[in-house]
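Student: Pasting in a structure now, in structure tokens, and then I'll have a few things to ask.
The values are calculated or read from the model by the stated rules, or taken from the named source; none is laboratory data. Everything numeric here is computed off the predicted structure, so don't read it as measured data. All Cβ positions, glycine included, derive from the backbone under ideal geometry; neighbour counts span all protein chains shown.
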Amino acid sequence: MAERLIPGDTAPDFTLKDHTGREVSLASHRGRSTVIYFYPAASTPACAKQACDFRDSLASLQAAGYDVLGISPDTVKDLEKFVAEEALTFPLLSDEGHRVADAYAAWGEKKNYGRTYQGLIRSTIVVNPDGKVAAAQYNVRATGHVAKLRRDLKIDK
């Protein structure tokens, strides 16, 4: 597992397929700040709550100069279904082999009900227009995270 990113690090570049099968790269977002959030699984209650919070805050985030990308180990087909179910309005990217999650230190050891396993660590990385990490938050909670992120970024409703 990679070391956790900190502000000032260069954000690892990537190209992944979105929920429509189109390739999306971090490089294509240069010139704008980008919120990259990693979530464990599409169509689960906590992940739906977090995705809907991003959807509902998208206009104000974009007005403040931020794009939003969600990344999970789900298949493109699962992401397409999730986008339709929740009427999401931003790209969800498929990282089936968790290569990008590894590079961002968002894949690692987790514990649940006394069981230890490898999985996706709910994380949010904010990348500035020059491709540097502006903020890195790991082990975030699904509920309330977007509101906290907005406060941290000083974005009003």
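Student: So Ala2 fits all but one of (1) at pLDDT 95 or above; (2) touching a helix residue (DSSP H, G or I) at 6+ places or on another chain (Cβ under 8 Å); what number is the exception?
Tutor: Going through (1) at pLDDT 95 or above; (2) touching a helix residue (DSSP H, G or I) at 6+ places or on another chain (Cβ under 8 Å) one by one, Ala2 breaks only (1).
Student: Take Thr75 and tell me if it is surrounded by fewer than 18 Cβ atoms within 10 Å (Cβ to Cβ) and at pLDDT below 95.
Tutor: no
Student: Do the conditions hold for Phe14, that is, is it modelled with pLDDT of 95 or more, surrounded by 14 or more Cβ atoms within 10 Å (Cβ to Cβ) and in contact with a Gly (Cβ under 9 Å, 6 or more places away or on another chain)?
Tutor: Here the answer is no, as Phe14 does not meet what is asked.
Student: I've got another one for you. So in region 24-55, with the set limited to residues that are among the polar types (S, T, N, Q) and in a helix (DSSP H, G or I), which one is farthest from Ala84 (Cα to Cα)? It would help to see each step written out before you state the result.
Tutor: The first filter runs over region 24-55 and keeps only residues among the polar types (S, T, N, Q), leaving 25, 28, 33-34, 43-44, 50.
From what's left, in a helix (DSSP H, G or I): 28, 50.
On the way: Ser28: 24, Gln50: 15 Å.
Once the filter is applied, the top-ranked residue is Ser28.
Student: Across region 49-72, which residue is farthest from Ala135 (Cα to Cα) among those that are crowded, with 19+ Cβ neighbours inside 10 Å and hydrophobic (A, V, I, L, M, F, W, C)?
Tutor: Step by step, filter region 49-72, then rank; the result is Ala51.
Student: Would you please name the residue that is surrounded by the most Cβ atoms within 10 Å (Cβ to Cβ), looking only at residues in region 94-133 that are under 19 Å from Glu3 (Cα atoms), polar (S, T, N, Q) and modelled with pLDDT of 95 or more?
Tutor: Checked region 94-133; the qualifying residue surrounded by the most Cβ atoms within 10 Å (Cβ to Cβ) is Thr124.
Student: To continue, here is another question. Of everything in region 57-96, what is among the aromatic types (Phe, Trp, Tyr) and in a helix (DSSP H, G or I)? Give them in sequence order.
Tutor: Hit for region 57-96 is Phe82, nothing else.
Student: For the list (1) of a type in the set (Asp, Glu); (2) under 21 Å from Tyr117 (Cβ atoms); (3) more than 14 Å from the chain's Cα centre (by Cα), I need the number of the one condition that Asp95 fails.
Tutor: Failing condition for Asp95: (3).
Student: Which residue is surrounded by the fewest Cβ atoms within 10 Å (Cβ to Cβ), if the candidates are limited to region 138-157 and must be of a type in the set (A, V, I, L, M, F, W, C) and either more than 15 Å from the chain's Cα centre (by Cα) or not in a loop (DSSP other than H, G, I, E, B) (or both)?
Tutor: For region 138-157, the residue satisfying everything is Ala147.
Student: Regarding Lys17, is this residue part of a helix (DSSP H, G or I) and farther than 17 Å from Asn128 by Cα?
Tutor: Working: part of a helix (DSSP H, G or I): no; farther than 17 Å from Asn128 by Cα: yes.
Answer is no for this residue.
Student: What's the number of the only condition in (1) closer than 25 Å to Ala27 by Cβ; (2) in contact with a strand residue (DSSP E or B) (Cβ under 8 Å, 6 or more places away or on another chain); (3) not in a helix (DSSP H, G or I) that Val100 fails to meet?
Tutor: For Val100, the exception is condition (3).
Student: Sticking with this one: Taking region 1-21 on its own, how many of its residues are of a type in the set (Asp, Glu) and in contact with a Phe, Trp or Tyr (Cβ under 7 Å, 6 or more places away or on another chain)? Show your work before the answer.
Tutor: Kept after step one, since they are of a type in the set (Asp, Glu), are these residues of region 1-21: 3, 9, 13, 18.
Of the ones still in play, those that are also in contact with a Phe, Trp or Tyr (Cβ under 7 Å, 6 or more places away or on another chain) are none.
The number of residues fulfilling the criteria is 0.
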